[in-house]
Amino acid sequence: MIKRVLIYVVIIFFVLPVFAQKGAITAKDMKEYVYFLASDSLKGRKPGTAEMNVAAKYILDHFKAAGLKPMADNGFQYFDIVTDVTLGPDNKLSVDGYDATFRKEFIPLAFSSGGEVNASVVFAGYGFDLDLDSLKWNDYSGLDVKGKWVMIFRADPELDKSDSKFIAFSDARSKVLTAKDKGAAGVLLVTPRGLDKDDKLMAVVVENNEVTSGIPVINIRHAVADRILAAKGISADSLENLITAKKKPNSFETGTLVNGGVDVAQKHAKTANVVGLLEGSDKILKDEYLVIGGHYDHLGFGGPNSGSRVPDTNAIHNGADDNASGTAMVMELAKNLSSQRAKLKRSIIFVAFSGEEMGLLGSKYFVNNPPVELKKIKAMFNFDMVGRFDKEKNSISVSGTGTSAEGDSILRVFEKGLPFTVTHSPDGYGPSDHASFYSSNIPVFFFTTGVHMDYHTPSDDAGKLDYNKEKQIGDFSSNLIADIDNLNKDLTFRESGKKEAAGRSGRRLKVTLGIMPDFAGSEKKGLRVDGVTKDGPASKGGMLKGDIIISVHGMKVENIYDYMARLNKLKSGMTVNVEVLRNGKVEILIIQL
Ligand SMILES: [Zn+2]
């Protein structure tokens, strides 16, 4: 990749400065910020890296220069993240004296606790204990698993049904929790052929979640499972066939001894939201706050499970539009609104969030540890991807307009005479940091110019942004925010759309997109969508009947089996990108699960 920064530095020395009014939002400043934040030298602004800290300091310096007061810990609101999981030398598994090969025949799960278990194995089917009106299934009835290994299949016995009632309970964490509740000492997970006919070992995936299972959890391949089952004269394959055909649990003591040890280490790192305060000028109302935010993190060098759409490419994901553009917007708004401070009644907190790409971690941390009482925050304005303006559409999108009684009408006042149109969308829950605030009953406004082909790829570069347009969006936003800041009466919060409590622990709901797939597999290059459920996640993300899904979250989809396996890797509450072929052209949809 070209070092654009150097070229740019040379250029600005030859461009005469444009004299603008003090505090005015300028395209020149926006451009300068984005070129710095999205330069190769910041290596994709991955939370936990030194380069991310450089970005944080850069933002704070500008906040201070704008006259903001640093909040939290001298301007940094620190929080812990898990950046990596490493497997140590003490991973082992032996079945009746046979030593299985680490990484070939078995692998611990990333969320497994460490430790050694030497005990006999109980086979417990799919590991469910469900007693609901709509679904009764107990793989544990009559079994005593206390202090023993429990061997179970992953997923569920209805892998051919995309609307199976089991799906909500079939993720590994839920099953391990059930086994632990029953007193199991460890869990051995077997991949059913229906999920992956090649029985590949599970990937060690960092979940950005420090919660470990409490007991060792090991994924074993069929060859190992069959050894455990040998004394009973049955194979894992035949057990899978039996249970799925009869739709009935089939569990038993195997009598086989397994000695297994798990050695995983989570790598932790610190990252920070950057937080600055602009104090309001009204004696009473300055005790109320608006929040203006945008995330400044991105995907680093990409890679599997990073959210990159080209996960096989190891390259700097500069994230110019996503979200150096929004960060620059927050910095410019800080400068601009600070210059009119005397006119502003309420106080404004400016935040650059970290960890957005890892699951809105920074904004969740902010609302859980707010620097001021949460109920004093009266509205939140989020800017995520505001630099790529589509000249043909000539519009920007503002979401959350239904989260306050007044949102739509106030927007309409400020839209008049703009050089672009503003699309309103009412929902408060969406694929960025405002969702955390909406979940806390705070009215939100989410500004974006939308997704494009460079989204979450190494080619989201600073040279592709329209800075003049971003300045215009900035002026519009500043006027709108100043007006809301000065309202005599607070905005009235309203629920608008689902309020997902994302990131809750315990039983995670398994995801569905809300589509009717083409089960016949008549499309050879992907999975054809034969129907879209009204108001489902896919429908909200813009999916249409006839679309052909070719990838889900950077993972290729060639058929319905791929599709199901991909969905199994996703979690409820995640934001995923789905590539579809529509009329022969590739389109990217952002879908909130
Ligand atoms: Zn992103």
Check: Looking at the P(r) of segment 302-457, how many percent of alpha-carbon pairs lie beyond 20 Å?
Finding: 56
Next item on the list: Would you mind working out the magnitude of the charge dipole of segment 89-262 relative to its Cα centre, with +1 at each Lys and Arg C-beta and -1 at each Asp and Glu C-beta, to the nearest 20 Debye?
Entry: 200
Notebook entry, point to check: Using unit Cβ charges (K, R positive; D, E negative) and no other charged atoms, how large, in debye to the nearest 20, is the dipole of the chain about its Cα centre?
Noted result: 560
Check: Of Lys469/Lys534; Lys69/Lys416; Lys104/Lys165; Lys22/Lys57; Lys376/Lys471; Lys267/Lys571, which sit over 27 Å apart, Cα to Cα?
Finding: Lys469/Lys534; Lys69/Lys416; Lys104/Lys165; Lys376/Lys471
Notebook entry, point to check: DSSP loop trypsin sites (Lys or Arg not before Pro) in segment 37-122 with at most 13 other Cβ atoms within 10 Å of their Cβ, which ones?
Noted result: Arg103, Lys104
Checklist line | Under 5 Å, built H, 5+ apart or other chain: amide partners of Ile292 | finding: Ile349, Phe350, Val351, Phe381
Item checked: For segment 370-413 and segment 422-488, distance of Cα centres in Å -> 6
Next item on the list: Might you report the magnitude of the Cβ-based charge dipole of segment 515-592 about its Cα centre, with Lys and Arg at +1 and Asp and Glu at -1, to the nearest 20 debye?
Entry: 120
Next item on the list: Working from Cα positions, state the angle (0 to 90°, nearest 10) between the long axis of helix 50-65 and the longest principal axis of the chain.
Entry: 30
Notebook entry, point to check: segment 256-299 to segment 27-49: how many Å between their Cα centroids?
Noted result: 20
Item checked: Convex hull of Cα atoms in the chain, direction-averaged projection (nm²) -> 28.2
Margin query: Please list, ordered by chain and number, the residues whose modelled amide H lies under 5 Å from the amide H of Ser425; skip anything fewer than 5 residues away on the same chain.
Written below: Val398, Ser399, Gly400, Thr401
Checklist line | For segment 234-247, 3J(HN,Hα) per residue [Karplus equation, 6.51 cos²θ - 1.76 cosθ + 1.60, θ = phi - 60°, Hz, x = Gly/Pro] | finding: 9, 10, 4, 4, 6, 5, 4, 4, 4, 5, 5, 6, 7, 6
Next item on the list: May I ask you to give the solvent-accessible area per residue for segment 241-310, in square angstrom, as obtained with a 1.4 angstrom probe?
Entry: 41
Notebook entry, point to check: Of Asp196, Asp312, Asp129, which has the most accessible area with a 1.4 Å probe, and how do the rest follow in descending order?
Noted result: Asp312, Asp129, Asp196
Check: How big is the C-alpha Rg of segment 106-150 next to the rule-of-thumb value 2.2 N^0.38 Å, as a ratio?
Finding: 1.44
Check: If you take the beta carbon distance between Lys64 and Leu132 as r and set R0 to 60 Å, what does 1/(1 + (r/R0)^6) give as a FRET efficiency, to the nearest 0.05?
Finding: 0.60
Margin query: Counting only protein heavy atoms and a 1.4 Å probe, tell me what percentage of the chain's accessible area is made up of carbon and sulfur.
Written below: 52
Notebook entry, point to check: What is the log10 of I(q)/I(0) for segment 126-281, computed with the Debye formula using one identical point scatterer on each Cα and no solvent, at q = 0.18 Å⁻¹?
Noted result: -1.19
Check: How big is segment 515-592 by Rg and Dmax over its Cα atoms, in Å?
Finding: 11.2, 31
Check: GluC sites (Glu not before Pro), restricted to segment 346-399: which are DSSP loop and have at most 16 other Cβ atoms within 10 Å?
Finding: Glu373, Glu392
Checklist line | Dipole axis of the chain (+1 Lys, Arg; -1 Asp, Glu on Cβ), positive-most option in Pro537, Ser134, Phe445 | finding: Phe445
Next item on the list: Compute the convex hull volume of the Cα atoms of segment 284-389, divide it by the residue count, and report the result per residue in Å³ as a whole number.
Entry: 101
Item checked: Heavy-atom accessible area per residue - segment 515-592, 1.4 Å, Å² -> 48
Next item on the list: Give the span of segment 205-290's Cα atoms along each principal axis, as three whole-Å numbers ordered largest to smallest.
Entry: 80, 33, 18
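The values are calculated or read from the model by the stated rules, or taken from the named source; none is laboratory data. Not measured: the values here are computed from a predicted model. Cβ atoms come from the backbone with ideal geometry, glycine included; neighbour counts cover every protein chain shown. Calculation scope for accessible area: heavy atoms of the full protein, side chains included, ligands and nucleic acids excluded. Shrake-Rupley method; radii C 1.70, N 1.55, O 1.52, S 1.80 Å.
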